[in-house]
Amino acid sequence: MTFQTSCNTSSDENGTNGIYITDENSFYNKYLPAFNSSSKYMRIVMYLLGYPGNILTFLVWIRKPMLQSSGVYLATLAVSDLLFLSLDLPYSLHTEWSVYVLNVPVICEGFTVLYLAAQYMSPLLTLAFTTERYIAIKFPLRRRLYCTVKRAVCTSYCIALTSLGLCGIQGYFWSYDSTIGQCIRANNTDELWEKWTWGTEMLMFLCVPLLILLLNILVICEIQKSRKVALTLNRILFRTNATTTMLLAVSFFLILTTLPVSIVYALYDYFPPGNLKHLTSIETDNNWQVHFQYYRARTVIYNIGLTHFFMNFYIYLFAGERFRKEVLNVVKCKRSRSAINRYRSETTKMESFYSNDAV
């Protein structure tokens, strides 16, 4: 996250000023207006779909019939996504719309801590419920010991505290400069800020998704193994529980939307901007043209990456019949039927993907 001016004035040998670039946003608005503006409007879509979707998701998962251990994680995930959306709005206003709402003491120092913590919670919560699902399938007799609501609540609190702990140092990196009225990085912290931010973001958005991918593969392998055992013993074929299917869909979606973003940002140093002194010939400068191609690809991938902050609700709607019924109950302000069995397996539209027919 960059508040400070990214590009400065350039001058030739005679001292005459070249093109003046006030910040990164205005620079790309000038040379790549369509791509630079796409993030603004993608965010508007994210807010319009994300706020109602995440609010409904939270209200559904905290209802008694749905409040199992996995429901705790998914409700917490909805809260973290809502927090991100609420913080992303002022960030977008500040960095993309030039409405400098973050140039305020205290807010300047604390904003980055909360903004990054909300993002870190998403992969950690996904890792938590993916691990729980693996335990439930691999060790079904231990499910009642490890997969409890109380344990899920404690784990969610620990994830929130861990995220805040990793981001707490960001309050030291950023400070409000009253002389220029801007939120800037503190003096002599650039190197430490770069290393710390790079390390934590690669951990959260590269290593954690890869670990989630590994666990998902193990879950699918266990499902297939259970089917083979059932066939060998001439028992009823194992049928994927709807919650398992739904959680697999959510975790795979997070992987598909975070890993490419991490990779493309990691490649930034291989496609750096050209020399600022060559802005007058930017259309023929090879370094700038290569950088612009990279920026176009990065923008598209980044916009796709934003979808995981609002698409979970729609995945639940598609994958879970029971979730759809509970959404209707919430909208109609109806109580859930008490006769519903909390642990009943339900048929889902996505179930055939993991069923015997698909193997």
Taking 0.36 nm per residue of separation between Leu89 and Lys334 and subtracting their Cα-Cα distance, the length gained on full extension comes to 84.9 nm
With +1 on the Cβ of every Lys and Arg and -1 on the Cβ of every Asp and Glu, the dipole magnitude of the range 34-358 about its Cα centre, in debye rounded to the nearest 20, is 2360 debye
In the range 34-358, taking the dipole from +1 charges on Lys and Arg beta carbons and -1 charges on Asp and Glu beta carbons about the Cα centre, the listed residue (Leu145, Ser156, Ser86) farthest towards the positive end is Leu145
Taking 290-300, 249-259 and ranking on average Cβ neighbours within 10 Å, highest first, one gets 249-259, 290-300
Most packed first (mean Cβ within 10 Å per residue), the peptides 109-116, 135-142, 83-90 order as 109-116, 83-90, 135-142
When the charge dipole of the range 34-358 is computed with +1 at the Cβ of Lys and Arg and -1 at the Cβ of Asp and Glu, the Cα pointing farthest to the positive end, of Tyr265, Gly168, Met46, is that of Met46
Phi-derived 3J(HN,Hα) across the range 296-301 with the Karplus relation (6.51, -1.76, 1.60, θ = phi - 60°), rounded Hz, x for Gly and Pro, is 4, 5, 4, 5, 4, 5
If every Lys and Arg gets +1 and every Asp and Glu gets -1 at its Cβ, then about the Cα centre the range 126-262 yields a dipole, in debye to the nearest 20, of 1360 debye
Beyond 23 Å (Cα-Cα) in this structure, taken from Lys64/Lys332; Lys40/Lys325; Lys225/Lys325, we find Lys40/Lys325; Lys225/Lys325
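Just so you know, all these numbers are worked out from the coordinates, no wet-lab data involved. Predicted model, so just to flag it, every value in this text is computed and none were measured. Neighbour counts are summed over all protein chains in view; Cβ atoms, including those assigned to glycine, are modelled from backbone coordinates with ideal geometry.
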